[in-house]
Amino acid sequence: MPYINKIEIMGNLGKDPELRHMPDGTPVAKINVAVSEKWTDKSTGEIKEHTEWFAVLLYNRHAETVCRHMKKGDTVLVYGRLRTRLYTDKAGAARSVTEVVCNEMQIIRTAGHARQGVTEENTAGGIYSMM
């Protein structure tokens, strides 16, 4: 029986991405993506808004591309899978965190600080495009 773990999100970066490297030298970046929805409350006519935050892990060229071309507030489309991992916090308490592990991504909008019209292709087949 096949199983599916797939997520697609499009939203804005909550802060500038930072490039780090794993002990083996693999580039990695963790970004927080805000996905907002707005609606009108039928009973009051008031506009409501809810924002969901997603922690996204990017590796190799994905990480390098996001760090090179994107800043806080820019819009990104991410395709990936959810992964939950356990860890122990500084106080010694067991915690868990659910993250999106990026398989493919596309830069949707930047605030003009990156070169426009840049397209890069990943050896794994992921396409990044600046719009």
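Only the coordinates and a few stated rules stand behind these numbers; no lab work does. All figures in this text were calculated on a predicted structure; none of them were measured in a lab. We place every Cβ from the backbone using ideal geometry, glycine too, and count neighbours over all the protein chains shown.
Consider the range 14-66. How many of its residues are of a type in the set (A, V, I, L, M, F, W, C) and over 20 Å from the mean Cα position of the chain (by Cα)?
Looking only at that region, the number is 2.
Look through the range 33-68, keep the residues that are touching a residue at least 40 places away in the same chain (Cβ under 8 Å) and aliphatic (A, V, I, L, M), and return whichever of them is nearest to ILE107 (Cα to Cα).
Out of the qualifying residues, it is VAL66.
Tally up the residues in the range 72-105 that are touching a residue at least 12 places away in the same chain (Cβ under 8 Å) and farther than 18 Å from PRO27 by Cβ, please.
14
Looking at the structure I just gave you, is MET10 assigned to a strand (DSSP E or B) and crowded, with 16+ Cβ neighbours inside 10 Å? Spell out how you get there, then give the answer.
On the way: assigned to a strand (DSSP E or B): yes; crowded, with 16+ Cβ neighbours inside 10 Å: no.
No: the conditions fail for MET10.
Starting from the range 6-17, keep only residues that are under 11 Å from LEU82 (Cα atoms), then list their pairs with residues that are of a type outside the set (A, V, I, L, M) whose Cβ atoms are within a distance under 7 Å, requiring at least 6 positions of separation or different chains.
Pairs that qualify, where the first residue is under 11 Å from LEU82 (Cα atoms) and the partner is of a type outside the set (A, V, I, L, M), are LYS6/ARG81; ILE7/GLY80; ILE7/ARG81; GLU8/TYR79.
Any residue that is exposed (fewer than 12 other Cβ atoms within 10 Å of the Cβ), charged (D, E, K, R) and assigned to a loop (DSSP other than H, G, I, E, B) - is there at least one of those in the range 50-68?
No, that holds for no residue.
So, of the residues in the range 69-89 that are part of a strand (DSSP E or B) and of a type in the set (A, V, I, L, M), which turns out to be nearest to ALA111 (Cα to Cα)?
Of the residues in the range 69-89, the ones part of a strand (DSSP E or B) are 75-88.
Filter once more, so that each one left must be of a type in the set (A, V, I, L, M): 76-78, 82, 86.
Working: VAL76: 12, LEU77: 16, VAL78: 18, LEU82: 28, LEU86: 36 Å.
Among them, the one singled out is VAL76.
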